Amino acid sequence: NRIRRDEMTASAPRAALQRGQIVAEARELISAAGLEALSLRRLASHLGVTAAALYAHVRDKRDLLRAVAELEFATLVDAFADTAGAAASEQIRAHARVYVDYARREPELFRVMFLFPPGLPDGQTRSEHELPAATEAFGLAAAAIENGVAAGELVTDDPLLAALTFWAAIHGVATVLQLDLGLTPAFEDRLVTETIERLLAGYRAPTTPEGE
C-alpha cells in the first residue's frame, strides 16, 4: 500500500507555475534572507523547478525585483489611502509613520522598493524605470501637501518641492533607523515626531497676533 501511495504521489500532476507564485516566493526569500540572497537559481530551488522554468514567467532578475517592488508599493498605497478625509497635517503625519514603520518592519523589501523611482507630476521628466505603484504612492503624499496649501494649513509656492523635502527627510529617518544604532523604540518614535513636526512648523502659515 505504501509503495502504491508513493507511486500515486510521484505521478500526481504538479500545479502549473504562476508568475504570482514566483513573485510571492521571491518576496519571502528577500524578507527572510536579504536582497543579496535572491538569485533565480536559488528561487527555482525553493519552488522545486529548474531556473529555466522561471523564464516563462519573468524576463530576468530585474523584472522579478520590479514585480516585488510593485507589490510592496501597493501595500503602502493602501495604507496611505486609509488616511483620506483627514486634515492635511494629520495625513502627512500618518504617511510618515506608515513609511518609517514599513522600513523598520521590512528593511530588505524597503531596499527593493527604491531600486525603482516614481514619476513626478506637473510635467516633470519621467524615467524609463518609473514604477506605477511608486508614482501612485508619491502622488498621494504630494496630494496631502497640496491639500494643506489649499486649506491654508501650509504655505509654499512650490508644493512639489515641499513634497520632495518631506519625502527626503522621512526617507532619511527611515534609513538612519536601519543602522542599528541601539536606539530604544521610544527614542526612534521621538525622532520621527521631531522630524515631521519641525517640517510642518517650517511650512505652517504664520499666525497674526490678536489686535494687529
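The values are calculated or read from the model by the stated rules, or taken from the named source; none is laboratory data. Here the structure is a predicted model, which means the values were calculated and not measured. Neighbour counts are summed over all protein chains in view; Cβ atoms, including those assigned to glycine, are modelled from backbone coordinates with ideal geometry. Just so you know, the surface numbers come from the protein's heavy atoms only, side chains and all, with ligands and any DNA or RNA stripped out. Shrake-Rupley method; radii C 1.70, N 1.55, O 1.52, S 1.80 Å.
If each DSSP helix of 4+ residues adds -39,500 (n - 2.57) and the sum is divided by the residues in the chain, what number results at 222 nm, nearest 500 deg cm²/dmol? When only DSSP H runs of four or more count, the value is -21000 deg cm²/dmol. Between Leu183 and Glu90, residue separation times 0.36 nm minus the direct Cα-Cα distance comes to 30.9 nm.
Sequentially through segment 48-65, phi angles give Karplus couplings (6.51, -1.76, 1.60; θ = phi - 60°) of x, 10, 7, 4, 4, 5, 5, 6, 6, 10, 10, 6, 6, 5, 5, 4, 5, 5 Hz, Gly and Pro residues having no value and appearing as x. At the listed q of 0.23 Å⁻¹, the Debye profile of segment 132-202, built from one uniform point per Cα, gives log10 I(q)/I(0) equal to -1.04. For Phe114 and Glu25, the difference between the fully extended length at 0.36 nm per residue and the C-alpha to C-alpha distance is 30.1 nm.
Measuring r between the beta carbons of Ala56 and Ala205 and using R0 = 41 Å, the FRET efficiency lands at 0.15.
Computed in the context of the full set of protein chains, the accessible area of the chain at 1.4 Å probe radius has 54% of its extent on carbon or sulfur. Between the beta carbons of Asp101 and Glu70, assuming R0 = 25 Å, the FRET efficiency works out to 0.80 to the nearest 0.05. Sparsely packed loop sites in segment 50-146 (the trypsin sites (Lys or Arg not before Pro) outside DSSP H, G, I, E and B with at most 11 other Cβ atoms within 10 Å) comprise Arg59.
A 1.4 Å probe run over the chain, with the rest of the protein chains in place, finds 58 Å² accessible per residue. For the pair segment 183-200 and segment 38-53, the centres of their Cα atoms are 42 angstrom apart. The H on the amide N of Gly119, modeled in the peptide plane, is under 5 Å from the matching H of Leu131, Thr135, each at least 5 residues off or on a different chain. Taking a ≥ b ≥ c as the square roots of the eigenvalues of the Cα gyration tensor of segment 82-186, is the shape rounded (a/c under 1.5), prolate (a/b larger than b/c) or oblate? Since a/c reaches 1.5 but b/c is at least a/b, the shape of segment 82-186 is classed as oblate. When the chain is described by a simple charge dipole with +1 on each Lys and Arg Cβ and -1 on each Asp and Glu Cβ, the residue from Ser45, Ala79, Leu154 located farthest towards its positive end is Ser45. Model label points for Ala169 and Glu36, set 7 angstrom from Cα along the Cα-to-Cβ axis, are 3.4 nm apart.
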